[in-house]
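For reference, the structure discussed in these notes is given below.
The values are calculated or read from the model by the stated rules, or taken from the named source; none is laboratory data. What you see is a predicted model, and the numbers here were worked out from it, not measured in a lab. As a convention, Cβ positions derive from the backbone with ideal geometry for all residues, glycine included, and neighbour counts pool all protein chains shown.
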Amino acid sequence: MTRPYILAAALLSAAPLAAQPALTTPRDSALHALNRLAYGATPGLADRIAREGVLRWVDRQLAVTQADDPGLKGELAKFDLLSTGPDQLLRTYLEAQRDRRTDRRAAAADSAMAAMSPQERERRMSPEARELRGLLSQAPQLVVVRAVSSEHQLAEVMADFWSNHFNIFMGKNIARVYLPSYIEETIRPRILGRFEDLLVATARSPAMMVYLDNAQSIMPGAEPPRVGRQGARRRAAAMPALPQRRPTGLNENYARELMELHTLGVDGGYTQKDVTEVARILTGWSVARPAQGSGFVFNGWAHDQGAKTVLGVGFPAGGGEDEGRRLLRMLADHPSTAHYISGKLCARLVSDTPPDGCVDLAVAAWKRSGGEIREVLRVILHSPDFWAPAHRAAKVKSPLEFMVSAVRVVGGVPDSTPRLAGAVGRLGQPIYQHVAPNGYPEHEEDWVNSGALLNRMNVAMMLAGNRLPGVSVDLDRILPVTSDHAALVAAVDRLVTGGTMSARTRRVIQEQLAGVTDPVQARAFALGLAIGGPEFQRQ
Amino acid sequence: MRAGALGLVSFGLDPLFLSRAAYATCRPTVLPSNNRSLVCLFQRGAVDGLSMLVPHGEESYYRERPRIAIPRTAVVDLDGHFGLHPRLAPLKPFWDSGSLAVVPAVGSPDGTRSHFDAQDYMESGTPGVKSTTDGWANRYCQNAKEHTDTPFRAVAFGPQLPRIMAGTAPALAIDDLRTFGVGGRAVAGDRLTRAFEALYEGSATGLLATSAEESFEAIRMLKTANPSARSTEHGAEYPRGRLGDSLRQIAQLIKAGLGMEIAFADMGGWDTHVNQGNDQGQLALRLTELGQALAAFSTDLGERMRDVCVLTMSEFGRTVRENGTGGTDHGHGTAMLVLGGTVAGKQVAGRWPGLAQEARYEGRDVAVTTDFRDLFGEILTRHLGARDLSAVFPGYTPGKAPGVIR
């Protein structure tokens, strides 16, 4: 049991432990931490963290109370989406919809859009539709910009983790309009807080209720209260925004995913009967009509007042909205939830197949803290398994991780156009476009395929030549222009892989440079090979 | 007329493709040749099966669709009850020659009317189960070991690997055959490819190593076989657009003999809620492209079509009754087309439930009488030679095969 302490001492000390070759240097540890609880190194960052003390830096990342880095304020101000409230976004959407409906010609054009060129499509859109599309296209780009530039790196990693755990597909009807507030108001303020709060917030979010259909789930046979003629007309005018027919009964979609994906896990011990009972408890949890704002509503008329039993726990008859709260608390507190989510966190941070011991430590912290995410992360990031040499470079980067780490490693500055997010999509991980509620996978076999690897190599070459659309790179700032190829490769190694490049890789790169006489070309070639090469695909 | 010309060309040059007798017996005891390939075309957005394959013999079809029904005089009649949309006329010669079968009332047992759920189910092959991580085409490749694995065994045209091909078996996503590979401005493509190959050979491990190997193998094979240089044959004319481009490249891969067993392409624009049109209009435009592309593909491949089966699919069909905006809403059963040399053509396969109110799904949509897995499964078994479908469609007990493959 002494090993972690020795390790901790090594991590805290600023000087390399030359006397103990079995242990890695603080700089190596800094690189590992940057690969896992951050999106990789930026020029000089590993050295600064090693000087500060790696665990001190880790604890500083854990102590963050606000997801957004205040230093990013100017950068984020370029995104109109962040200053557009959810109600305003909804109004723009409704206007765009109304135009679509009243203008028959535009409507016909809209359905035939798939056959048109993007330019043609753009031209035919109403101003509102164009405005909406422009605003919404900022959402994926915000992910990339924050991940690249924020100092609150762990917060960005966790924002990605939770928005993926509680995945929303932006393409489903009106869900795309609710998505920005889902990210900014539901997910981001709670990424390091109590799991239960996050769960409740997602359960009450319009985005989730539309995405997983709970907004339409009502007690079979329930009828909405009668409204006057005028009210009915007003409602009919507002309804087109929600194109579904009038709901007629229970929809189990959210109930199932709530247990299978959000809390207990597929083997968490629930039955089909439990799914139905959970759906009954959540009847009436719905979304305000779009014309009346973007909030949560509880429709008492749609709620099933009968008694229910979930996982053997009784919910007496006559319960209203509160029994849903009680249910979510119960699911958040369930041991299966602690185990399932701790396992997912360890898979993200430690290894695709994390050791049981690591998961057990996380579960213990979960139980001790009542599901405080920060405390669970603290235990994982301080665990011997996190730092074990066997787990270094043991994970393959997802397309988002690859793209962001590549931009960071060359000190690139992304712009506010959606181009970089689009490139992540072409690498195979379009942001907020994962259709199914399970979110993007965490395992290397899901990301590594031949076409995808070639795309990464091409992106690497473009970035190394400062030709990747959406990002600018000052190559002169990070690498020398030299005709000494050995020196060049050493500089590239230090920049891209923190000096950990294998001798073989260095030799191969140098061999490939033979005959390249133009030093600027050689620099782009060597840098592109290093970023597109196998070592940089790992973290 | 263009459609007729295409048909004639096809008739003139396809003696083997048209001679069905040679393939009529002995199957499936004879293992299909390793040259067999399946081309899947996904019509994303839920095609209106009732406009693609028109039940013109049914009064209620015209009653329910006063504005958008295809007039009887315009329908390309197939069997007196069903007919093709007039814009699919280029496919009629293939019906006549017995290489086109149509399947009405096909779809998913799951009742979802959500595009994304239904597409997901049709690609994962597990309706109702959202946790399936891979697609059925990939599971087929994982399990049918007797077929030679080449990097081109499963190829999807598009920037990303679609759900249907996701999984542990090798599968390629190709945007454009001509640009597949590594290229740079500072360094020539060949040199760059060699450099990356050397790098991955030396330093990659595990999946990174094997995938890189596959990539470079694919690049090499493309370079040698140079499928892009294969010209379109027999006067085939692919329509402009992504579908035509994809099918032309699929034909090139087949001609180049690169071992492609399953190819995939998709086309959008089928979600016709508003102003769908009848024999004219927006749906007619999409069907024009589909009909021309399929006919061009068959004509281009000529007698090579004897080893090819093309299958269209769509996540669900649309409402029987037209809606208030001259369109149709999300429904249930749809229609699929099966085209190729092994197809038991000139037949309407499966059971047609009819459009009578009581025969409809939930009183409004075409009922599903053929589970899509029975159709896909039959093609995998009898066309590609799959021996065991239990891993391809897990948890499914196959029902009656629609009998589309001889």
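Just a few scattered comments:
- Only one of the listed residues (B:T288, B:T299) is surrounded by fewer than 24 Cβ atoms within 10 Å (Cβ to Cβ) and modelled with pLDDT of 95 or more. That residue is B:T288.
- Subset of segment A:459-502 [at the interface with chain B (Cβ under 10 Å from one of its Cβ atoms), of a type in the set (A, V, I, L, M) and surrounded by fewer than 16 Cβ atoms within 10 Å (Cβ to Cβ)]: none
- Here A:R456 passes the criteria (1) basic (K, R); (2) under 25 Å from B:D134 (Cβ atoms); (3) surrounded by fewer than 20 Cβ atoms within 10 Å (Cβ to Cβ) except the one numbered (3).
- In segment B:153-189, the qualifying residues are those that are more than 18 Å from B:G259 (Cα to Cα), in contact with a Gly (Cβ under 9 Å, 6 or more places away or on another chain) and in a helix (DSSP H, G or I), and the one that is nearest to the other protein chains (Cβ to nearest Cβ) is B:R163.
- For segment A:299-330, filtered to residues that are more than 30 Å from the chain's Cα centre (by Cα) and aliphatic (A, V, I, L, M), the residue that is surrounded by the most Cβ atoms within 10 Å (Cβ to Cβ) is A:V310.
- Of all residues in segment A:287-297, those satisfying the criterion of being buried (at least 22 other Cβ atoms within 10 Å of the Cβ) and outside any helix (DSSP H, G or I) are A:V287, A:S294.
- For segment A:480-499, the criterion of a residue being of a type outside the set (A, V, I, L, M), more than 19 Å from A:S405 (Cα to Cα) and in contact with a strand residue (DSSP E or B) (Cβ under 7 Å, 6 or more places away or on another chain) is satisfied by no position.
- Residue that is among the acidic types (D, E), crowded, with 23+ Cβ neighbours inside 10 Å and over 18 Å from the mean Cα position of the chain (by Cα), where the choices are B:D388, B:D329, B:D365: B:D365
- Residue match in segment A:190-197 (condition: crowded, with 22+ Cβ neighbours inside 10 Å, β-branched (V, I, T) and under 20 Å from A:D68 (Cα atoms)): yes
- Scanning segment A:202-237 for residues that are small (G, A, S), at pLDDT 75 or above and either loosely packed, with under 12 Cβ neighbours inside 10 Å or not in a helix (DSSP H, G or I) (or both) gives A:S205, A:S217, A:G221, A:A222.
- The set of residues in segment A:433-447 that are assigned to a loop (DSSP other than H, G, I, E, B) and surrounded by fewer than 23 Cβ atoms within 10 Å (Cβ to Cβ) comprises A:Q433, A:H434, A:V435, A:A436, A:N438, A:G439, A:Y440, A:P441, A:E442, A:H443.
- Selected residue (only one of A:D360, A:D333 is over 20 Å from A:I191 (Cα atoms), surrounded by fewer than 18 Cβ atoms within 10 Å (Cβ to Cβ) and acidic (D, E)): A:D360
Residue-wise test of (1) under 23 Å from A:D385 (Cα atoms); (2) of a type in the set (F, W, Y); (3) surrounded by 15 or more Cβ atoms within 10 Å (Cβ to Cβ); (4) at pLDDT 95 or above.
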site	(1), (2), (3), (4)
A:Q20	yes, no, no, no
A:L34	yes, no, yes, yes
A:A41	yes, no, yes, yes
A:G44	no, no, no, yes
A:L55	yes, no, yes, yes
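- Residues satisfying the stated conditions in segment A:411-426, i.e. crowded, with 23+ Cβ neighbours inside 10 Å, of a type outside the set (V, I, T) and within 19 Å of B:D175 (Cα to Cα): A:L420, A:A421
- Selected residue (criterion: nearest to the other protein chains (Cβ to nearest Cβ)) from residues of segment B:250-287 that are within 22 Å of B:R72 (Cβ to Cβ) and hydrophobic (A, V, I, L, M, F, W, C): B:L285
- In the set B:T193, B:T148, only one residue is over 30 Å from A:K395 (Cα atoms) and either within 12 Å of chain A (Cβ to nearest Cβ) or of a type in the set (V, I, T) (or both); that residue is B:T148.
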